[in-house]
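Here the structure is laid out as structure tokens; the discussion comes afterwards.
The values are calculated or read from the model by the stated rules, or taken from the named source; none is laboratory data. This one's a predicted model, so the numbers in the text were calculated from it and none came from an experiment. Every residue, glycine as well, gets a Cβ built from its backbone with ideal geometry; the counts of neighbours run over all protein chains shown. Calculation scope for accessible area: heavy atoms of the full protein, side chains included, ligands and nucleic acids excluded. Shrake-Rupley method; radii C 1.70, N 1.55, O 1.52, S 1.80 Å.
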Amino acid sequence: MRCLLVEDYTPLRLNLAECLTENGYVVDASATGDEGLWFAENHTYDVILLDIMLPGIDGLKILRKLRELQDKTPVLVISARDSVDHRVEGLDSGADDYLVKPFALAEMVARVRALVRRNYDHESPVIQVGDLCMNATTREVTRAGVEIVLTRREYALLEYLMNRAGQAVSRTDIWEHVYEDQEGGSSNTVDVYIGYLRKKLNVGDGSELIQTVRGYGYMLKEAEA
Amino acid sequence: MRLRLLVGTGLFVTVVLLISQVMIYQSIAQMLRKEIRMQLLESASILAKSAELETDKVVYEWQEALESNADASIAGLFQFWDLKTGVGVGSPALEGASLEIFYGELNQPIIQPITLYDGRPALAVGLKLLPFLDAGTLGEMEKIGKFLKPEDFPQVLVCARETATLNNKLGRMKWHLFRAGSATLLTIWLSILAITMWTMKPIRELERRFEERAKDDSGPLPEIPDDLPVELRGLTEAFNRTLKRAEAARDRERDFAMHAAHELRTPIAGIQATLEQALLRDRPADDLRDRIGNALLVTEGMRGTIQSLMKLARVRGRIEKVEIAAFDPRVLVKEMVEIERPRFRDRKLELSEDIIGPSKGFASDAQLLKIVVATLLDNVVRHAPEGTDADIRLELLDGMLLQISNACRGLKAEEMTRLFEPFQRGALAGGEGAGLGLSLAKEIAGLLGGELKMDLKDDRVTVELHLPSLKD
């Protein structure tokens, strides 16, 4: 999952970015409104965390601009403005949720998870594809009742594929949403991690869940009987 | 106000009307009574001449006329008395009854109210007179050698006129006056009510507009109705101006409080996030130390923000005491530059200084000026692009003029005005600082009787500080 974090206060931005990264998100962090808008307009995100009072363009203007452009990316506003009027203004401007500073990181992560879940029309944090089951809250993955231990990157990759189960996703999309820009590597890296994942998912009836779409990427779908 | 106007005007008009009605009544009554008196005196005067002294007695011509002519009629209520004999002769109208007898000195009529025989009130004149003696009678007396003197036959005439009719007339007049007065009063009162309501209509409209606006306490101030009385227009305009200033001040304070809360909430969120991340898992001691150190740095920043907020509040509230003393601004500016010079060097900022004019005679608050100069230099260090230059020019000809200019790419012209507002940061501020420095500097400049201005031209920003020399 890739998220954009726009927060001008450096100590907070660094810690939020670290926390999100540790929770399996790929984070683009920006300190100004102008830069944040540029990121939002030029990349695809699963969720955006947006401060309101920013140097340059403020968060509400960014939000309105995105909604004008029909960008439906879920936006979580994080702001020190705590009055009802400000919350209403934020939500009316197109925010999907509003979190008042200071807040517990666990709550922020839970809200981000909920927004992502809603974005993919999942009613519960548990995603199921065939006998493969993923709990986004506990980060537990099981297949046919057998627990599968995944690394952070493997988990992020599987989560991305499970959220788009039945859809072909390109290697580029996987790369953009699962890997940091600065990590280097290539689409081969994606293939390598897909290989790791396939091995770990090879439990239960052993049917292949991750299908290769030749010349394009991969698709996760329930194995045909 | 309307009630006071109605009651006040009503009372005033009632009193005026009452006094005028009483005066009208009194003058008419007096005039009528005077007329009766005049008529009585005239009647008495005429009747007095009808008492004639004959050779042997006093005769009354009106009585002789009645006796000689059965058709003759004598009107009026009067009666003669012969004081010598005590015999009284009344007019036919008395029908045998008698009037009260009263009189004064000879030929001095007295008028007084009496009660007639039938109980009716009357006004009467009493006159003591002497009978008339004509030349014929005097001749006859000479012939018979019998001389009678009028002084020996004093007469009293009482002539009366009933006043019940007059009293009835006056009573009716009283009633007419009362009705006319009441109708006039009612008309006036209704007129005042109508005029007041008509006059108050724009005031009520204005009141309604203010009430409407008071519901959400926002938006433009109510427009003054065109038909508002001229006398109230000035007052309303003054009230609107005051309200506008008060609301602007309230909005500023609300924004200030909101921003202050923001500037404190955000670092608290930073501390919380830092510490939560530190405690999330087992970490090496160095890592933990770094994270705790970062949290401490945030608290240092908060302390600076709170100090700036306190200072700003004191300056704004004019609580900050200005201590005026003579000093050399050249030395002060140089000291401040030397303090900041390492930071300039670190950012490879080339600094040029230019000082014009003598230093003698300049007086102001050196400590407050230091805060302003430090803020302006700090802004240069923070925002001037690395490797550029900055110019400091100090002119001491008329007061003090400090100009600091530096390159400042990316700063927008529309941001210039709000940079002096608390908590406003330019796009290049990078989230560092609370955005209070320039606001505080401007407030201090104002407190010292000066002005702080900022100008942007060709990606170069120039800050000008004008300060007058204050009396020591």
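Numbers below:
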quantity	calculated
Percent carbon-and-sulfur accessible area, region A:122-225, ignoring ligands, DNA and RNA, probe 1.4 Å	45 percent
Those lysines that a straight Cα-Cα span of less than 24 Å connects to A:LYS65, excepting residues fewer than 8 apart in one chain	A:LYS101, B:LYS412
Relative packing of B:179-187, B:215-223, B:364-372, which averages over residues the other C-beta atoms within 10 Å, highest first	B:364-372, B:179-187, B:215-223
Eligible lysines near A:LYS221 by straight Cα distance, threshold 20 Å, same-chain separation 8 or greater	A:LYS199, A:LYS200
Other-chain or far-sequence residues with amide H under 5 Å of B:LEU77's (modelled H)	B:ALA160
GluC sites (Glu not before Pro) within region B:324-423, DSSP loop, no more than 10 other Cβ atoms inside 10 Å	B:GLU386
Whole-number percent relative contact order across chain A, with pairs defined as alpha carbons under 8 Å at least 6 apart	16 percent
Selection from B:LEU297, B:ALA75, A:GLY59 lying farthest towards where the dipole of the protein assembly as shown points positive, charges on Cβ	B:ALA75
Top of A:VAL88, A:VAL47, A:VAL27 by mean-square fluctuation, Gaussian network on chain A, Cα under 10 Å	A:VAL88
DSSP-defined antiparallel bridges as percent of all bridges, the protein assembly as shown, nearest 5	70 percent
Spatially near lysine pairs across region B:2-171, Cα under 18 Å, sequence gap of 8 or more or different chains	12
Qualifying GluC sites (Glu not before Pro) in region A:44-152, DSSP loop, other Cβ atoms within 10 Å at most 13	A:GLU123
Charge dipole (debye, nearest 20) of region B:2-171; +1 at Cβ of Lys and Arg, -1 at Cβ of Asp and Glu	1420 debye
Shielded by partner chains, region B:271-302 residues - at least 20 Å² of accessible area, 1.4 Å probe, vs chain alone	B:GLN272, B:ALA273, B:THR274, B:GLU276, B:GLN277, B:ARG281, B:ARG291, B:VAL298
Charge dipole magnitude, Cβ of K and R +1, D and E -1 - region B:249-467, Cα centre, debye nearest 20	520 debye
Region B:249-467, relative contact order [Cα under 8 Å, separation at least 6], %	19 percent
Rounded to 5, percent antiparallel among DSSP beta bridges of chain A	50 percent
Percent RCO, i.e. relative contact order, over region B:2-171, from Cα pairs under 8 Å lying at least 6 residues apart	25 percent
Proximal lysines relative to B:LYS215, as straight alpha-carbon distance under 19 Å, when same-chain residues fewer than 8 apart are discounted	B:LYS244
DSSP bridge pairs, chain B: antiparallel proportion in percent, nearest 5	85 percent
For the pair B and A, total buried accessible area rounded to nearest 100 Å², probe 1.4 Å	2300 Å²
With every protein chain in place, chain B: carbon and sulfur % of accessible area (1.4 Å)	57 percent
